[in-house]
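Below you'll find the structure, written out as C-alpha cells, and then a few comments.
The values are calculated or read from the model by the stated rules, or taken from the named source; none is laboratory data. Since the model is a prediction, treat every value here as computed from it, not as a measurement. Glycine also receives a Cβ, built like all others from the backbone with ideal geometry; neighbour counts cover every protein chain displayed.
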Amino acid sequence: MQERLMTLQGEAVEKIEKAASLKELQDIRVEYLGKKGPITEVLKGMGKLPAEERPKMGQLANEVRDAITQKVETKQEKLEREALDAKLSSETIDVTLPGRPVRKGNAHPLTAVIEEIEDLFIGMGFSVAEGPEVETDYYNFEALNLPKNHPARDMQDSFFITEDILLRTQTSPVQARTMEKHEGRGPVKIISPGKVYRRDTDDATHSHQFMQIEGLYVDKDVRMSDLKGTLTLFAQKLFGAEREIRLRPSFFPFTEPSVEVDVSCFKCNGKGCSICKRTGWIEILGAGMVHPNVLEMAGFDSKEYTGFAFGMGPERIAMLKYGIDDIRHFYANDVRFLEQFKRA
Ligand code: 2NL
C-alpha cells in the first residue's frame, strides 16, 4: 500500500508539471484528490489493515495528499501569473496615439435665438413662464378681451379640438394664467416663450406651427416709457448698440394703446436698403399697454395697476439676424442648414 501511494504521488506530480492550462490542472486535482480518487480509496481501505499499521499508513496517505495539493496550488499560481502576463502584453495601448475626434452638435438656430432673448430679459428681472399648448377658448381668447364672435378672432384662425378647446394661437394664455395666480398683487414680470399654432398655409414666411415670445410687466406705475426703454435695450442687445426703435400706432384687442415696434435697419443704418425695403426701419414686434379689461379679468384692479406687454416671433428675428430667406428651413431638419450655426 505504501508503494502504491508513492507511485500515485510520482504520477500525479509528473502530470501536474506537464499541465498546460488551468482546466487541465483542475481535472488532475479531481482525478487524484476527488471523492472517487485513489487517495480517498486508500484512506477508505485502512479498516482492513492490522491496527498497528493504521497510524503509519494514515500519516503517509495524508502526506501524499498534502504534497499533491501543494503541488497543484503552486502550479495554479504559476499558470495564473502566465495568463495575466500574456493578457497584459496583448492589451498594451499606445497612449501617444492622437484621440479620435468626437462629433459635436450645435444648438438649433431658433433655440439659440430664443435662449439669447431669454437671457436678455432675465437680465432685466423677468422670469420665464410656461403653460399648456392645448388651451381653452377662455384663456386663449376671452381672457384677452376677445369675446366669442369678435371680428379680431379672424386674424388668428385656429385648430379647434372641441368647441371649447384648441391649440393655442399665441402664448398670451400663459400670461393670463400667471396673472390670475398672483391674485391681484404685482409685480408680474414674465416672458413666455413657446410653440403656437395657426390655421395657415405654409409658405416662405408662414408656418402652421411656430414660436412666440411674449412679455408682460404689471405693477403700480408701469408706463409707456418703461415699454419703450425695455424694448430699446432689447433691440440694441440683439441688433447692435447703435440701434434706435420707433413706435407706430396699431391695434391689438388685448392692449390699449397698441403699437408696432420697428428697429433702425442694422444693414444700412437707416439709409435704406433691400432688407428694410428702402424705409430704414424693420418691424420686429407688437406691443402696448395691457387693456384694463384684461387686467380686471385676471383679478387686478385696473385703477391701481397698469402694465405693458409685447409679442414677437423668434423665427422672424432669427431670419433677420442671420439672413435666412425661408421659415421652412427651421423645420426641415436639414443638417446642411443647421450646421451653419455652430457657435465658436
Ligand atoms: C405680435 C403682437 C402682442 C401681446 C402680444 C399681451 C398679453 C397679455 C396682455 C396684453 Cl396677457 N398683451 N400680449 C401684446 C401686444 C402684442 O403680440 O405681433 N406678436 C407677434
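Across the stretch 1-40, what is the total count of residues that are within 21 Å of Lys56 (Cα to Cα) and part of a loop (DSSP other than H, G, I, E, B)? Residues flagged as within 21 Å of Lys56 (Cα to Cα) and part of a loop (DSSP other than H, G, I, E, B) within the stretch 1-40 amount to 2. Among the residues making up the stretch 116-134, those that are assigned to a loop (DSSP other than H, G, I, E, B) and either surrounded by 13 or more Cβ atoms within 10 Å (Cβ to Cβ) or in contact (Cβ under 8 Å) with a residue 24 or more places away in the chain (or both) are Met124, Gly125, Phe126, Ala129, Glu130, Gly131, Pro132, Glu133.
Might you let me know whether the stretch 280-302 holds any residue that is surrounded by fewer than 17 Cβ atoms within 10 Å (Cβ to Cβ) and among the hydrophobic types (A, V, I, L, M, F, W, C)? No, every residue in the stretch 280-302 fails to be surrounded by fewer than 17 Cβ atoms within 10 Å (Cβ to Cβ) and among the hydrophobic types (A, V, I, L, M, F, W, C). Residues that are within 30 Å of Leu238 (Cα to Cα) and at pLDDT 90 or above do not occur anywhere in the stretch 146-155. Put simply, of Leu320, Leu247 the only residue that is within 16 Å of the ligand (Cβ to nearest atom), outside any loop (DSSP other than H, G, I, E, B) and modelled with pLDDT under 95 is Leu320. What is the residue count in the stretch 41-64 for residues that are in a helix (DSSP H, G or I) and touching a residue at least 40 places away in the same chain (Cβ under 8 Å)? So the answer is 6. When the residues of the stretch 1-54 are filtered to those that are farther than 27 Å from Leu84 by Cα, acidic (Asp, Glu) and loosely packed, with under 14 Cβ neighbours inside 10 Å, the one that is farthest from the chain's Cα centre (by Cα) is Glu52.
For Leu247, are the conditions met, namely being of a type in the set (A, V, I, L, M, F, W, C), closer than 24 Å to Glu118 by Cα and touching a residue at least 60 places away in the same chain (Cβ under 8 Å)? Spelling it out, it is not the case that Leu247 is of a type in the set (A, V, I, L, M, F, W, C), closer than 24 Å to Glu118 by Cα and touching a residue at least 60 places away in the same chain (Cβ under 8 Å). Selection of the stretch 135-163 for residues being surrounded by 18 or more Cβ atoms within 10 Å (Cβ to Cβ) and hydrophobic (A, V, I, L, M, F, W, C) yields Phe141, Ala143, Leu144, Leu146. Determine, yes or no, whether Gln175 is under 30 Å from the mean Cα position of the chain (by Cα), of a type in the set (S, T, N, Q), within 11 Å of the ligand (Cβ to nearest atom) and not in a loop (DSSP other than H, G, I, E, B). So Gln175 fits the description; yes.
Could you look through the stretch 141-157, keep only residues that are away from the ligand (no atom under 11 Å from the Cβ) and in a helix (DSSP H, G or I), and pick out the one that is farthest from the chain's Cα centre (by Cα)? Only one residue fits best here, namely Pro151.
Write out, first by first residue and then by second, each pair whose Cβ atoms fall under 7 Å of each other, whose residues are 6+ apart or on separate chains, and whose first residue, in the stretch 270-291, is under 28 Å from Asp219 (Cβ atoms) and within 16 Å of the ligand (Cβ to nearest atom) while the second is of a type in the set (Val, Ile, Thr) and outside any strand (DSSP E or B). Short answer, once both residue conditions are applied: Ile284/Ile317. Within the stretch 158-168, not a single residue is within 20 Å of Ala309 (Cα to Cα) and within 11 Å of the ligand (Cβ to nearest atom). Of all residues in the stretch 136-186, those satisfying the criterion of being touching a residue at least 60 places away in the same chain (Cβ under 8 Å) and among the charged types (D, E, K, R) are Glu142, Glu180, Glu183. Among the residues of the stretch 88-113, those identified as under 30 Å from Ile213 (Cβ atoms) and either touching a Leu at 6+ places or on another chain (Cβ under 9 Å) or part of a loop (DSSP other than H, G, I, E, B) (or both) are Lys104, Gly105, Asn106, Ala107, His108, Pro109, Val113.
The residues on offer are Leu238, Leu231, and the sole one that is assigned to a helix (DSSP H, G or I) and within 14 Å of the ligand (Cβ to nearest atom) is Leu231.
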